[in-house]
Structures are given as structure tokens and as C-alpha cells.
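Have a look at the structure below, then the notes.
The values are calculated or read from the model by the stated rules, or taken from the named source; none is laboratory data. Just so it is clear, the model here is predicted, and its values are computed rather than measured. Neighbour counts are summed over all protein chains in view; Cβ atoms, including those assigned to glycine, are modelled from backbone coordinates with ideal geometry. Note: areas computed on protein heavy atoms with side chains; ligands, DNA, RNA excluded. Shrake-Rupley method; radii C 1.70, N 1.55, O 1.52, S 1.80 Å.
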Amino acid sequence: MNNLFKILILLSASSSYAATCPDSRGKYGDGIQYQDMFCRIMVSADKTDSKSYRNVTFTDEGLVQVFSNFPGTTNSNSTGARVYYLFPYKEQKSITNISAEGLSVKHPSGVSFNFDKDGKLSSPDLQMKVSKEINSQNKSGVEIESFPNGIVIDLGYRGGASPTNNKNAVVTITDKNKKKCTMVNSDINKINKDEVELIYKTNEELHKFLSKKCPKLDISDLLKPMKETLKVVITPKKVGLAPVNNKNTKENDSKREAKPAYDTMEELLKDIDKGAIQR
């Protein structure tokens, strides 16, 4: 458990201290513990005996860490962590259900993670395999294979510690079609000893980086939240608008050209500056 505490401290170092976060803890299912504190959600998951169990942690940055504990003589051969990130960002993480039947967590990507009354993990939104066995050989036993509405960034597994602060950890990025691209952890994370920070903090920034680094991946889902936001911003509301003084009341709307689609915010702003879009 001492090593688990160290791993959680590493996660806390990469969280935003300025954020206002929930502060709660409790039990779900058959008396299994969870907590929503320090800007992260940690859920005790399945357990086979007193020395073999999993904990799953979720952060605002999109991280999913699966910590596993199993019989061994030292921290390095009795604990380990597998770390994933899921993108795009869509919403705030939250616990959406707590009951005797189980617990559900909504990830920032919109993915639901469900824990049944015994702590068994599943998700209706991912292609994921969860092993019944908890040992040193199966790299935590939780394998997120792909995300049909986004990408999976897999930082791999590390015995006795979290792979997040290993600059040379091999990172595998998988798109919705299960195509893969690899790089090292320092390509996506700023790492200063125990402090870890994502370099690309928005969907658009990550899209720009991956479009050059991994041109064969389908990363189109990274821009979908932005496009949805633009629709809301550009499309006028039908109710509650203040009176508008139209300059040309005889203009035929049906003859207007359709507004172009934009893949980046930069393209939209350029057209606004050129006057191609009415402000």
C-alpha cells in the first residue's frame, strides 16, 4: 500500500491545484471503497484475496490508471500500474451512479466505466478485455484495445511504479480502426522528476501534433467536439434573441452559400478576419 500511495502522489503532482474538486468517499456494491478527492476519482475494484486486487484511478487530464497488487517480496515485484489516456475531451469526469449494485464513472472522453457489486470493471463504450487473474505477468490484466469514438494512448505497464514519469516509456496510440503509432513518453508529457504534465492540453493541439507524428491514424474524432461547439456558436438561437436591425430586409436567404466546414479554429478565425464570415 505504501507504493500505491507513492503512485497516487505522482498523479496529484500532475493535477491542477487551482481547480475546485469534489471531496467525498464512500462504499458501493458489496462494501467496496471509492473516493473522489484531490481532483481524481479512485475506485477499489476486483479482489481475489487479501494480497491480490486492483484500483482504478481517473483524472481530469483523461488518464486511466490500473494499479494492481499481488503476492511478492518487494514493491517492484508485488505491484504495478498500467496507464492509458482516452481522447477527445468532451466533459468533466464524474461519478454517475453509486448503489448496492455497483458504481459508474464518466470519463472526460464521455466513456462510461462500470464496476459491478464485486468490483469487476467493464465499459459499453470501449473494446476492452479484463482478466480475472491479478498477477505480475498480465500487465494489470486490463487491456483497452480501442475506442470507437476516439483514440487510446497506452503508456504501458511498469512494475513498482507508474509509467507516467518514465521519459523513455514506449507509448502506443491506437485509433478507432486499431491502427497503431508508437513514440516515447517524453513526446507527449513534460516530465520533471515526479511532476508530469501533458504537452498537448486540448483536442486541437493533440490533433495538430498527431497529424504530423502519426499521419496514418484516423484522428478525426479529436475535432468533433470543437465542430459541435462551433455549430452552437455560429447557429443563431430561435428563442430569446434581442431585436435585430437587418441591413437588407430583401435579401433572399435561400440563395446564400453554405458556410464552409473548418477543421481547426485557426481556419475559422482567418476567415473571420478576412470578412468571409459575418460577425
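State whether one or more residues within region 172-181 are buried (at least 16 other Cβ atoms within 10 Å of the Cβ) and over 25 Å from VAL56 (Cβ atoms). Break it down stepwise before answering.
Keep residues of region 172-181 that are buried (at least 16 other Cβ atoms within 10 Å of the Cβ), which gives 173-176, 181.
From what's left, over 25 Å from VAL56 (Cβ atoms): 181.
Yes, region 172-181 contains a residue that is buried (at least 16 other Cβ atoms within 10 Å of the Cβ) and over 25 Å from VAL56 (Cβ atoms).
So how many residues does region 118-142 have that are farther than 18 Å from TYR53 by Cβ and either assigned to a loop (DSSP other than H, G, I, E, B) or open to solvent by 50 Å² or more (accessible area, probe 1.4 Å) (or both)? The qualifying residues number 6.
State the number of residues belonging to region 182-193 that are open to solvent by 40 Å² or more (accessible area, probe 1.4 Å), modelled with pLDDT of 95 or more and not in a strand (DSSP E or B).
Residues of region 182-193 that are open to solvent by 40 Å² or more (accessible area, probe 1.4 Å), as a first pass: 182, 184, 186-187, 190, 192-193.
Next cut, modelled with pLDDT of 95 or more only: 182, 184, 186-187, 190.
Remaining after also requiring not in a strand (DSSP E or B): 186-187.
Here the count works out to 2.
If you go through region 21-72 and pick out every residue that is part of a strand (DSSP E or B) and out of contact with any helix residue (DSSP H, G or I) (no Cβ under 9 Å at 6 or more places or on another chain), you end up with 27. Does SER136 satisfy the condition of being within 24 Å of PHE209 (Cβ to Cβ) and touching a helix residue (DSSP H, G or I) at 6+ places or on another chain (Cβ under 7 Å)? When the stated conditions are applied, SER136 does not pass them.
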